[in-house]
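Colleague: I'd like to ask some things about the structure below.
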Amino acid sequence: MNLLKTVQVALKALNKNKMRSFLTMLGIIVGVLAVVAMVSIGQGAKVSVQERISQLGSNLLFVRPGSSFRHGVHGGWGSRTTLKPEDAEAIVEECPSVEMVSPEVNTRGQVVYKNKNWNPSISGIGADILAIRGWKMDAGIFFRRGDIKGAAKFCVLGKTVAENLFSDVSPIGEIIRIRQIPFTVLGVLATRGQAGGWFDQDDVILVPYTTAQKRLLGIQHINSIVVSAVSAESMSSAEQEISELLRRRHELADYEEDDFNIRNMADIQEAVTETAGTMTILLAGIASVSLLVGGIGIMNIMLVSVTERIREIGIRLSVGARERDILMQFLVEAIVLSLTGGLIGIIAGIIGSRVISSIAGWPTMVSVASIGLAFVFSAAVGVFFGFYPARKASKLNPIDALRYE
Amino acid sequence: MDNRVNSELIRVESLTKIYHLGEVKVVALRGVSFEVKGGDFLAIMGPSGSGKSTLMNIIGCLDRPTSGQYLLEGTEVSKLDKKQLAYIRNKKIGFVFQMFNLLPRTTALENIELPLLYSNVPTKKRNRLAEESLALVGLSGRKMHYTHQLSGGEQQRVAIARALVNSPSIILADEPTGNVDSQSGAEIMEIFEKLNNEKKITIILVTHDLEISKFAKKMILFRDGEIVKREIIKD
């Protein structure tokens, strides 16, 4: 019997038992639905995490001084005072893979406006920080290069600071006191939100780094340098160039370790993306269990079906069906069941993930790969779980099958 | 249909069949020998349990003998593999059962087409052969009826049409009238008689009904797995 005819016979047999065929398929439908929907949630999470991180700046490098080591006692990372503003200038001038830099000086301090006060973190930064970080202004203006050079007593407020010090008046042009020193507010940054945990990125006051050095802290060094590479691809060459430049500038001998430390955003991105990937695999794994259960359901029904149809098998054998014909008939039935179930499951899974997106607000992404995988997997389930009952049917002795009551 | 009238079609030599039902050994056939020529109409008679159905199943390639020889058109059947036996059941033998053994929830025509399905006959030809076969048993008007919509006699006639459809060398009928009323039984026997007379189809019939056996040309009587009497009824 040819394949087309076998498929026809199988379809006819399934059609005669519509309810049972549907219930058998249900297991596969739910399994495939779960796989497609879960993978789409995982993929959606992964993509949105990647997007958010690249918004943070996937082409950013952070240069910090190394750990200090005096009289046998280590300080923490960044405790050395070897990093100077001139290093930052040299980096942007001499490293071809570097686009912009901004030195950073960090501190905290009491800030007072009229009868209100607040204690935000204070960041001394360079003029290019907005472009490097992709930050936006909510109101007012940002520092000009001259302000930085002249250590002007200007500041830009983060949203949280602005809200705490100025409840109903516009802060622009007002004078606030940072550690008793009066600063003119130039503008307010657009909100950036929580960065995880209790760290509020908007709880910050920006001042020129020169001002922070000279007027607030009285230091010559800087705490870190933020560097943007010309592109995400040139990250590693930028890292290489900066490392070589700083070793030369800091006159380190070959046997000495770096007195600085470079981290890049891509590492973080990779780690987080990997985490999201692990979650996808986990979800798909859980969903696969239900697909497996669906497969066992098919095997169960096919076994029952073989027992129930032993006489039919006997009749077919007695008029000349070969072992192979019977094997194929039952195998094709199982495959038709699982493939039909798989197709319905894929459609239901796509609809399901849309529904999840719109109700729960989670980003979902149905990937072609997950659909393909679910389809192939459901076909494999059909073959795998259909084979045993089909083989059992085909091995029947014609006379025993005919006599079976 | 079979041009080899009077040539040797079946030769059975000291055929035995022993069943093992747990610890008990049941001897169903103890050394049976006979032959059937093309165009014969042979009735195998005997009380139930005498081994006549066992013999039919062996001749029909549904079962294998424990020992002895069975030659069908000169081929030693007991040495063939499963695939070859399936081929013989499909092409050379038409089996008619006491219980009809039609597929349930299937039309008469589809039932008759079944053997053709397994010999890869193209759809159009399959339809034509099935309808011709159905006409031979006088049921052309019932082709789209489902099995359960047919009476016992009609079901058996569909079963005969199915046995005929692949133009077999021989038709084996195991108590074909056992499950139908006497009038339908007579009709069925007339069909067999007509097939034997007009189409020269070889028929072996198992029955315990003396009236039925009168349609045959030859008769073999079975008792306890052995042939106890051979008789020529007519010709």
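Colleague: Taking the residues in region A:28-76 that are touching a strand residue (DSSP E or B) at 6+ places or on another chain (Cβ under 6 Å) and not aliphatic (A, V, I, L, M) as candidates, determine which candidate is modelled with the lowest pLDDT.
Modeller: A:Ser67
Colleague: Out of the strands (runs of 3 or more DSSP E) lying entirely within region B:1-67, which hold 2 or more residues that are without any contact (Cβ under 8 Å) to a residue 60 or more places away in the chain?
Modeller: Where strands (runs of 3 or more DSSP E) fall fully within region B:1-67 and carry at least 2 residues being without any contact (Cβ under 8 Å) to a residue 60 or more places away in the chain, they are B:8-21, B:24-37.
Colleague: A follow-up question, please. Quick check, is B:Ile93 hydrophobic (A, V, I, L, M, F, W, C) and more than 28 Å from A:Gln8 (Cα to Cα)?
Modeller: Considered against the rule, which asks whether it is hydrophobic (A, V, I, L, M, F, W, C) and more than 28 Å from A:Gln8 (Cα to Cα), B:Ile93 comes out as no.
Colleague: Which ranges mark the strands (runs of 3 or more DSSP E) fully within region B:116-235 that have 3 or more residues being closer than 26 Å to B:Phe34 by Cα and under 19 Å from the mean Cα position of the chain (by Cα)?
Modeller: Fully inside region B:116-235 and qualifying: B:170-174, B:202-207, B:218-223.
Colleague: Residues being surrounded by 20 or more Cβ atoms within 10 Å (Cβ to Cβ) and touching an Asp or Glu at 6+ places or on another chain (Cβ under 7 Å): count how many of those fall in region B:58-69.
Modeller: 0
Colleague: Is it fair to say B:Leu55 is crowded, with 23+ Cβ neighbours inside 10 Å, under 21 Å from B:Arg89 (Cβ atoms) and away from chain A (no Cβ under 14 Å)?
Modeller: So B:Leu55 fails the test.
Colleague: Sticking with this one: Since B:Thr177 meets every condition but one in (1) surrounded by fewer than 22 Cβ atoms within 10 Å (Cβ to Cβ); (2) more than 23 Å from B:Ile88 (Cα to Cα), which condition does it not meet?
Modeller: It fails just one condition, (1).
Colleague: If you don't mind, another one. Go through region B:78-102 and report how many residues are touching a strand residue (DSSP E or B) at 6+ places or on another chain (Cβ under 9 Å) and away from every other protein chain (no Cβ under 14 Å).
Modeller: Result for region B:78-102: 1.
Colleague: What number of residues within region A:11-22 satisfy the criterion of being more than 13 Å from chain B (Cβ to nearest Cβ) and within 14 Å of A:Ile298 (Cβ to Cβ)?
Modeller: 3
Colleague: Same structure again: So, in region A:1-10, of the ones that are at the interface with chain B (Cβ under 10 Å from one of its Cβ atoms) and surrounded by 14 or more Cβ atoms within 10 Å (Cβ to Cβ), which residue ends up farthest from the chain's Cα centre (by Cα)?
Modeller: This residue is A:Met1.
The values are calculated or read from the model by the stated rules, or taken from the named source; none is laboratory data. As the structure is a computational prediction, the values presented were derived from the model and not from experiment. Here Cβ is always computed from backbone atoms with ideal geometry, including for glycine, and neighbour counts include all displayed protein chains.
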